[in-house]
Amino acid sequence: MFSLHIDTATTWRGGQNQVRYTVMGLRAIGHRAALVAHPEGELLRRMSEGLDLIPLAPRNEIDLAAAWRLSRVVKQLRPAIIHAHDPHGVAMAATALSIAAPDPRPPLVASRRIEFRIAHNSFSRWKYSQVDCFLAISHAVRDRLVADGIPSRKVEIVHEGVDVERAAAVPSGNVHAALFLPTRAPVVGNVGALVAQKNQHMLIDAAALVVRDVPDARFVILGEGELRSTLEDQIKQKHLERHVFLAGFRADVLELLKDFDVFALSSIQEGMCTSLVDAMAAAKPTVATSVGGVPEVVADGETGFLVAAKDHHALADRIVRLLKDEALRRRMGEAGLARARRLFTVERMVEATAAVYEGLIAARSKVKGQGSKVVPAP
C-alpha cells in the first residue's frame with residue numbers, strides 16, 4: 001500500500017518523531033510511504049536521506065497556493081491513502097482534494113495527538129468533515145473528538161509507540177557530569193517543551209517541598225519553550241538555584257533520561273505523552289498527573305504513581321516516597337519496561353495504523369462494488 005504523509009511543523013517534538021516512526025515503520029513492513037514536510041523543518045532535515053520526500057508546507061491554515069501544489073503531487077503520485085499528522089496538514093490536504101482529487105479519491109486520515117477542543121469556525125468544521133478517519137492516540141483524545149461532534153465510527157484509537165528496545169539498550173549517560181551535579185545526588189527528571197500545557201511550574205513547587213525531606217535531590221528539566229524566563233524567575237524566588245536546572249534542548253535526551261532516578265510529569269493536558277513511555281522503556285518509575293491519556297500509560301501503583309492535576313503536594317509526596325525506596329524504584333521501573341514492551345512499541349503502532357488503512361480501502365471497495373451491482377427487473 002502507498003500512503004502519503006503530511007506534517008507542516010518546523011520544530012522537532014513528539015509529534016514529528018511519531019511521523020518519522022510511522023513512515024519508516026511502514027517502509028520496514030513493505031509499504032511505500034512518501035512524506036510532505038516543511039522545507040525548513042527539522043523533520044525534513046532528519047529524513048533528508050530518504051526517498052519520496054517532498055518539501056512543501058502552507059504559510060497559514062488557508063494557503064491555496066500550497067494546496068494547489070499538493071494537489072499536483074497527489075495527482076502525480078496517486079497514493080492510496082493520505083495521512084495528515086497535524087491540523088495545518090489536514091487543512092492543506094482537504095483543500096488539495098477539493099481542488100483536484102484523483103479518481104478514486106484517496107481516503108484522508110488525520111492523526112489527533114492533542115486533547116484540545118476542535119475549533120468551531122466554519123473552515124475548521126469543513127476541513128474536518130473531509131476526513132474519513134481520525135487516529136486518536138488515546139481514549140481521552142477519542143472522547144474529546146466525539147464530544148466535539150466527530151462521529152464515533154470515524155475514530156480509531158492507535159496508541160503512539162517508541163523504540164522500546166533501543167531505549168532499553170542505549171547506554172546510560174551521566175547526567176551528573178553533564179550538568180555538574182553532585183555525584184551521589186538523586187535526580188528527578190522531566191522532558192518536555194516549556195509551555196503552559198506541561199506546567200513545569202507545578203514541578204518546581206513540588207521540588208521546593210521535596211528538598212525539605214531529601215536535601216540533596218536535584219531536578220532536571222530537559223526542553224525549551226516560551227516559559228523559560230518565568231520558570232527561571234520562579235526558581236530564583238524559591239531559592240532553588242542549586243536544586244532545579246533548566247537544561248534546555250539536548251540531543252542526548254534519552255541517554256540522560258536513563259540516568260534519572262525518577263521521571264516526573266506535571267502536565268495539565270496530555271494526549272498520551274511519549275516521554276512517559278520513553279521513561280518506562282528506560283526502566284524508570286514515574287510520577288505523573290492523571291490527565292488526558294496519561295492513565296492509559298501509567299499503571300498507578302505498578303509502574304508509577306498518578307496524582308491529581310495541580311496538586312504539587314501529592315506530586316512531592318510520591319517523589320519523596322520513590323527517592324527513599326530503592327527497591328520500589330527498581331520494581332516499578334521493571335514493571336514499566338514490561339508494560340512498554342507489551343503496549344507501546346513502534347511496531348505495534350505501525351501495524352495498527354496499516355490495519356486502519358487496509359480497512360478504509362476495503363470499505364471503499366465494498367461500497368464501490370455494491371454501487372455497481374445491476375438490480376434485475378421484476
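Placing dummy labels 7 Å off each Cα toward the beta-carbon, the span from residue 242 to residue 308 is 3.4 nm. For the pair the stretch 270-345 and the stretch 73-133, the centres of their Cα atoms are 35 angstrom apart. By definition, a body whose alpha carbon gyration tensor gives a ≥ b ≥ c is prolate when a/c is 1.5 or more and a/b is larger than b/c, and the stretch 238-375 fits this prolate description. Report the local net charge at residue 243: Lys and Arg +1, Asp and Glu -1, summed over other residues whose C-beta lies under 15 Å from its C-beta. Neighbour charge sum, excluding residue 243 itself: 0. Charging the Cβ of each Asp and Glu at -1 and of each Lys and Arg at +1, and nothing else, the dipole of the stretch 102-240 about its Cα centre rounds to 280 debye.
Stokes-Einstein D for the stretch 315-360 at 25 °C, 0.890 mPa s, Kirkwood Rh over Cα pairs, in µm²/s? Before the final figure, lay out each step's value.
Details: Rh = 13.0 Å.
This corresponds to a translational diffusion coefficient of 188 µm²/s.
As a calculated quantity, the FRET efficiency between residue 196 and residue 53 at R0 = 30 Å, using C-beta atoms, amounts to about 0.35.
Tell me the Kirkwood radius of the stretch 215-308: reciprocal of the mean inverse pair distance over distinct alpha-carbon atoms, in Å.
It is 14.2 Å.
Gain on full extension, evaluated as 0.36 nm per residue between residue 78 and residue 64 minus their Cα-Cα distance, stands at 3.0 nm. Of the residues 283, 208, 220, the one whose Cα sits farthest toward the positive end of the charge dipole of the stretch 185-314, with +1 on the Cβ of Lys and Arg and -1 on the Cβ of Asp and Glu, is 208. Placing a label point 7 Å from the Cα of residue 32 along the Cα-to-Cβ line, no residue of the stretch 342-366 has its backbone N under 13 Å from it. For the stretch 169-233, the percent of C-alpha pairs falling in each 10 Å distance bin, counted from 0 to the bin holding the largest distance, reads 19, 46, 32, 4.
Ranked by the mean number of other Cβ atoms within 10 Å of their residues, highest first, the peptides 235-241, 74-80 come out as 74-80, 235-241. Using the Cβ-Cβ distance between residue 172 and residue 143 with R0 set to 45 Å, the FRET efficiency works out to roughly 0.75.
Please report Rg over Rh for the chain, where both radii come from the alpha carbon positions and Rh follows the Kirkwood definition.
Values: Rg = 22.5 Å, Rh = 22.0 Å.
Expressed as Rg/Rh, it is 1.02.
Modelled spin labels at residue 180 and residue 132, positioned 7 Å past Cα toward Cβ, are 5.7 nm from each other. Protection proxy ranking, highest mean first, for peptides 93-103, 274-284: 274-284, 93-103, where packing is the per-residue count of other beta-carbon atoms within 10 Å, averaged. Taking 7 Å steps out from each Cα toward its Cβ at residue 268 and residue 252 produces label points 3.5 nm apart.
Bear in mind these aren't lab numbers, they're just calculated from the coordinates by the rules spelled out. Given the structure is predicted, the values throughout are model-derived calculations rather than measurements. Every residue, glycine as well, gets a Cβ built from its backbone with ideal geometry; the counts of neighbours run over all protein chains shown.
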